[in-house]
Each structure stands twice: as structure tokens, then as C-alpha cells.
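The block underneath contains the structure these notes are about, expressed in C-alpha cells.
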Amino acid sequence: MVQRVSRVLLCAEVRAAWVRPRIGLALVAVFSATVLSTPHLRAQEPPAAGASAATLPAFEVATVKPSRPGMWRQDYDTDGNRLTVINYTVRRLIREAYGLKSDAQILGGPKWIDQQAFDIVAKVDDAEAAKMDKMNDEQSDREWELMLQSLLADRFQLKVSRGERNLPVFALVVARPGPKLKHTPDTMANGQQGDPGIDIHGGELTATAVSMDSFADTLTGLRDLENRVVINRTGLAGNFDFQLDWARDRGQGPSPDSPYPGLFAALPEQLGLKLKPERSTVEVVVVEAAEEPTVN
């Protein structure tokens, strides 16, 4: 069977991030940016030299419908030969299709791509399913992305340019006097016990056999960080087990009633790490055109 990936989000930013090339993602944070002229932008890249957009893999059939008003639950699930998406905006779909970490990496686009969410059910034909069945996890993830790119181009008339842009980011670095982290035991690192990944419930984060790259990707999705990409610059190799507790910031600062500090204070106190604001060149996708789809 084709690999199954499920991302079910039942409350704001309850997140499961598995240690794989792709990390589970948080709820949508609305972001809009004015497209500036830049020499770094390039035409949308095909998957291989000489390929065209028409040669991208595509779903056999797909239904697209507006999500029910007031719905808060979100789901992105690939199971067997089927993709099911519940309550995703087009900006969030673009983020999935192009393997981006943050909405901040998606620039431009009409207002409705943030305002209207959609439910999608799409099916892969037997030949494509058989091809994907022979792929490893990374290849299969990439194939789902390419098919979603095809769907967005076909049903939403999406046209994008890809490039790089110098944006505000956070660098995850080691704080003084040093890290307060324990490496994952060898038995855990070898997959002999437990489940690797990151679970977040409210302001409680539990990490098992997690690299600093994966942790930085998880921090990127937190609303506390105002949608900035987090880049791992700790220099710490290997996997780690740790717990992090902090007071959530919903845009009005941490609650004064919380027994824990805010995220920026909790990281150095509990893990010996800190977030350093800076600017860095990151991958971006610029939305050049998009049209509201005809639903079916």
C-alpha cells in the first residue's frame, strides 16, 4: 500500500511532528505580503530537467468544495490511493504542495486565498498507486506534493514563481552557559523502543529522539513566533529527549497566571537554547495568479 500520512489538528496548534523529511504542521496563521521586485525570483521549476507542468503527476479524480462556515477542525491525510483535506485555505495548500515551513514563505495572492477554506478528496489511479508503492517515504511525500501542485494549477488556476528572499527569521542557538539536553539512548535512536517525534498539548512539548533540525521546524509552526522561519544553528548533532513547558502567547503576551514563562524565556531556562532574531535568505513561493474554483 502507498504510505499513509495523517495530520489531524483538533485544537489550536496541537501538533505531532515525526522525525522524517516532512514535519506535521500547525493551524493556519494568516499572512499577506506585498510582492516586491527581486532578481532572485525564477520560473516555477519542473521536477526534472526538460519536464513541463503538463508532465507532473496528477490525481485521477478530485472533488473540491468550500468548507463548512465556522469549522475549526483541520485534517490533511494521505491513505492508500486517496488524499483527504479538510478545512485548508489555498495558502495552506500551497504550503503543503511546495514543502514550505511557514506561511511567511508564500508571498502575494488575492485575499480570498486566506479567507476561504476548502475540503478536497482526490484519488490516485491504479498505475500511479503502483508506482508510489515502490517508493521510499521521501519519494512518496514528493509525489503527493507534485500531484497537489497539479490540482492547484488545474482547479485554482494557480500560477507561481519560486525563488529566495531575505526575510526576518529566528536562529536557534545555544545559550550560555551551554545546552541542557540529553542525547537519546542508543536503543531509542535505533528504533528499538518508543515512538520518535514531538507532541504538543497547550504549552507542554515532549520530544523523543528528535534532532535540532526537527525541533527548529516545529518551533517554526508555533503562533508564539509570529510565523517566522526558525533555522537550526545550534551545531548540536544527534537526537535528543526533552520536555519544554511555557506560557502560550496568543498575540497578547503570555498569561500572567501561568506557572511557566513565555517561550523566549523557557528555552534558555529549561533547554539551554535561545532564539536569536536576524534576517536570512529563505525559499519563497510568489503567487502570481489564482482563481476561485468551480466546486463539485
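Details
- For region 204-273 and region 66-140, distance of Cα centres in Å: 26
- Per-residue Cβ neighbour rank within 10 angstrom, fewest leading, Leu273, Leu56, Leu83: Leu56, Leu83, Leu273
- Ascending count of other beta-carbon atoms within 10 Å, so fewest first, for Trp72, Trp144: Trp72, Trp144
- Contour minus Cα-Cα distance for Asp126 and Arg82 (0.36 nm per residue): 14.7 nm
- Residues in region 102-109 carry Karplus couplings, in order, of 8, 4, 5, 8, 10, 10, x, x Hz; the curve used is 6.51 cos²θ - 1.76 cosθ + 1.60 with θ = phi - 60°, and Gly or Pro positions show x.
- Relative contact order [Cα under 8 Å, 6+ residues apart], region 166-281, whole percent: 40
- q = 0.10, 0.12, 0.20, 0.21 Å⁻¹, region 166-281: log10 I(q)/I(0) [Debye, one scatterer per Cα]: -0.29, -0.43, -1.13, -1.23
- Paramagnetic label zone (point 7 Å from Cα along Cα-to-C-beta, Ser258; backbone N under 13 Å) in region 203-225: 203-205, 222-225
- Using the Cβ of Val173 as centre and a radius below 13 Å, the other residues enclosed give a net charge of +3, where K and R count +1 and D and E count -1.
- A simple spin-label model places pseudo-atoms 7 Å from Cα toward Cβ; at Arg233 and Glu283 they are separated by 2.1 nm.
- Available extension along the chain between Glu60 and Asp75 is 3.3 nm, counting 0.36 nm per residue and deducting the alpha carbon span.
- Residues of region 252-296 with amide N under 12 Å of a point placed 7 Å along Cα→Cβ from Asp137: none
- Qualifying lysines (Cα of each under 16 Å from Cα of Lys159; at least 8 residues distant if same chain): Lys111
- Electrostatic dipole magnitude of region 166-281 [Cβ: Lys, Arg +1; Asp, Glu -1; Cα centre; debye, to 20]: 480
- Residue exposure sequence - Met212, Met135, Met71 - by fewest surrounding Cβ within 10 Å: Met71, Met135, Met212
Every read-out reported here was derived from the displayed coordinates using simple, explicitly stated rules and does not represent laboratory data. Because the structure is predicted, anything quoted here is derived from the model rather than measured. Here the Cβ is made from the backbone with ideal geometry for all residues, glycine too, and neighbour counts use every protein chain on show.
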